[in-house]
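Asker: Shown below is the structure under consideration.
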Amino acid sequence: MLTAVVTTSHTGGVVQVNLIESETCERTDLDGNPEGAVGTDQCPELIPIAPEVKEIIWGFGSFVVLAIVLRYVLFPKVRAGMTARYDSIQGDFEKAETLTASARAEVAEYDAQVASVRADAQGRVDAARATLEGERNEQLTAVNARIAEKRAAATAEVEAARQAASSQVAAAVSDVAARAGELAAGKAPSADVVSAAVNEAMGANA
């Protein structure tokens, strides 16, 4: 069996390709590198990194098979999974938007109900305030009327008492004046004169 061996020279770095029979190359250089040992002209040393043709074929074939499997088996599954995930995320997003819109509608309805209740309550408060204000004005009017009536009655009573007291005072003053005139003149003055003098003096004092 022939084997392609690639060698390079130590001085010029020239690459050489030799065909040798692998059976003639045995590792006998451990005993002093005799003829036929690995690394001699008859059996040059093999380069371990140089691939064989069949290795290249097998590697390329494996790559082609892997590419076909990836293209027609794995990639469709990955794409289907990504599509399903995108559809799921899109569905969740649409559900979230629907729920958000519903929540906003409910909040708006709640705000409208609260505003209606507040307006109703404010209307009732205003009506109650107006009613209380009217009742208060009526009560104040009635109280003022009673106060005015009592004041008029008291004024009338005071005036009557004053008139009564005035007549009594006038009578008393008339008696005193008559007695004083009698003592001063030696005789009693006329009742008309005394009454006129007393009325004139009391009218001037009033």
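Asker: Assuming 0.36 nm per residue, please report the length gained on full extension of the stretch Ala142 to Phe93 beyond their Cα-Cα distance.
Answerer: 10.4 nm
Asker: Under a crude label model (7 Å from the Cα following the beta-carbon direction), how far is Ala161 from Asp120 in nanometres?
Answerer: Modelled inter-label distance: 6.1 nm.
Asker: What is the extension gain from Phe63 to Arg151, computed as 0.36 nm multiplied by their sequence separation minus the C-alpha to C-alpha distance, in nm to one decimal?
Answerer: Going from the current span to full extension adds 19.3 nm.
All of the numbers you see were taken from the coordinates with simple rules; none came from a lab. What you see is a predicted model; the values in this text were computed from it and never measured. Glycine also receives a Cβ, built like all others from the backbone with ideal geometry; neighbour counts cover every protein chain displayed.
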